[in-house]
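Only the coordinates and a few stated rules stand behind these numbers; no lab work does. Treat the numbers as computed from the prediction; the structure is a model and nothing was measured. Here the Cβ positions follow ideal geometry from the backbone for every residue, glycine too, while neighbour counts run over all protein chains shown.
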Amino acid sequence: MKDTRICLGAFAGAHGVKGAAKVKTFTQSERGIADYGPVSSEDGARRFTLTFIRVLKPGLALVSAPEIANREDAAALAGARFYVERAALPLANADEFYIEDLVGLDAIGADGVLIGRVIAVHNFGGGDILEISAAANARSLMIPFTLAAIPSVNISDGILSVAAAALEELTVEREETREDDSDLG
C-alpha cells in the first residue's frame, strides 16, 4: 500500500535567534508550505504548525512554528523532511500528479518492452531523476524526468514511457564508463 502522506519540504536550518526556520519547499509555490495544516516528521513522532513568513529565494521559505522555540531547535531540525496527509492536498488535475505517484510505475520502452519499475525519485539540484530498477540487470537506471526522456505518464494504468534516445544515452554512458575502468587495470 502506498504511503498516504506527501512530503512538502525539509527543514534547512535556523534563521535569526527567535526560532524561525529555513525550509526547502517541494510545493508549487513557497507560500504553499503552510497551506495544508499541521505537518509531521518522517517517523510521525513530531508535528509542526507552520506559519509562512517570507520567501528567502526560489524553493526556500522562512517559517515559524510554536513547536520550534528557539534557534537551537530550528538548527537541530536541519535536513528533517516533513509530511502532510494526502487528503489535505487538492486533487491533481487530469494532466498532473504528485511526484510520489511515480514510485511503483512500470517503465516501458518505446518498443513496449518492460524496462523496470520506478523505485525512487531523486533531486540532487539539477532536476528530478527517476531511479528505475532494471528488469534486465541488477543495476538501477537513473533517467532524468524530462519530457524528452519520459514522454508520457499514465498514473491510472501504472506506466510511464521512456524514450529510446534516453536509453541510448545511458548505453553510451555505460560503455564509456567500462572503457575508463579498463584503462585502470
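Residues of the chain were split at every exposed loop site, defined as GluC sites (Glu not before Pro) in a DSSP loop with at most 15 other C-beta atoms within 10 angstrom, and the longest piece left, sites excluded, is 97-185. Estimated purely from DSSP H runs of n ≥ 4, each contributing -39500 (n - 2.57), the mean residue ellipticity at 222 nm for the chain is -4500 deg cm²/dmol once divided by its residues. Relative contact order of the chain: 17 percent, from C-alpha pairs under 8 Å at least 6 residues apart in sequence.
What is the order of Thr25, Thr49, fewest Cβ neighbours within 10 Å to most?
Ranked by crowding around the Cβ, least crowded first: Thr49, Thr25.
Along the range 102-108 the Karplus relation, 6.51 cos²θ - 1.76 cosθ + 1.60 evaluated at θ = phi - 60°, assigns HN-Hα couplings of 6, 5, x, 6, 7, 9, 10 Hz to successive residues, with x for each Gly and Pro. Working note: Karplus 6.51/-1.76/1.60 with θ = phi - 60° gives the range 64-70 the couplings 10, 7, x, 6, 10, 7, 7 Hz, where Gly and Pro are set to x.
By the equivalent-ellipsoid construction on the alpha carbon gyration tensor, the chain comes out with semi-axes of 36, 21, 14 Å, ordered largest to smallest. Short-range pairs are left out: with C-alpha atoms under 8 Å and at least six residues apart, the relative contact order of the range 5-87 is 44 percent. Output the 0 to 90 degree angle, nearest 10, between the alpha-carbon long axis of helix 164-184 and the longest principal axis computed from the alpha carbons of the chain. Between helix and principal axis, roughly 80 degrees. Taken one residue at a time, the phi angles of the range 139-145 give Karplus couplings (6.51, -1.76, 1.60, θ = phi - 60°) of 7, 6, 9, 10, 10, x, 8 Hz. Gly and Pro are set to x. Per residue, the convex hull spanned by the Cα atoms of the range 32-129 amounts to 152 cubic angstrom.
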